[in-house]
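These notes are about the structure you will find just below.
Laboratory data are not the source of any read-out in this text; all were calculated from the coordinates shown. Keep in mind that what you see is a predicted model, and the values were worked out from it rather than measured. Here Cβ is always computed from backbone atoms with ideal geometry, including for glycine, and neighbour counts include all displayed protein chains.
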Amino acid sequence: IETLQQDLLDLVVKDTTADSSEDGVLFKCCSAVVSLHACGAASDLSISAAVKHRLPFAVSPCCIGKVMKSRDVRGSNSLPPLPVSSINRSAAPTDVIAYPRSKWLGNMITADEYQLLAASADYGGSGTESNAPELSRRRRCRRAKQIVESDRLQWAKEQGYFTRILELPRIGSRYAKRELLLGAVQGSRA
């Protein structure tokens, strides 16, 4: 097993399969794209990199509310490139990743409504609250997260992928992120 530490945006935007590029070998020997604790747009960038290179993916998404942050991309002759900070790692330029991701959800809600949905999808708490308002809030937040994850997988389906979402066992009462997004090219061995 070999791992790669790379800005996800580069894996989606650059031509990483061309022999002439310095990154030309990145995906030649890859079997899958795996991304753990992928905050914000990092989940979408991981899935997009897999789709671009027709590879299976396993993505464990994290914070949803950060998806609408736009990455500050510089690199022209007049401005030096920005370092990939923790803020930038969870964001993507709007011309690369647009929300909602899928036509399915895009036909139902606007980008502004998606922003509210994404903000609602970030939830936490001790998990021990038993009052009705708090339980109701957590159910709404959980449903918002399920819609966001479904939108991501539906986008991959629209690109010719077979997808599944797995719910992992709870790891303690405070850990709300339990989804694993899986996808493979329709009809492939994966």
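Which order do peptides 106-118, 132-144 fall in by mean Cβ count within 10 Å, highest first? It would help to have the intermediate numbers written out before the result.
Values: 106-118: 15.0, 132-144: 13.2.
Highest-to-lowest ranking by the protection proxy: 106-118, 132-144.
Taking 0.36 nm per residue of separation and subtracting the Cα-Cα distance, full extension of the segment from Cys29 to Ile1 would add 9.0 nm.
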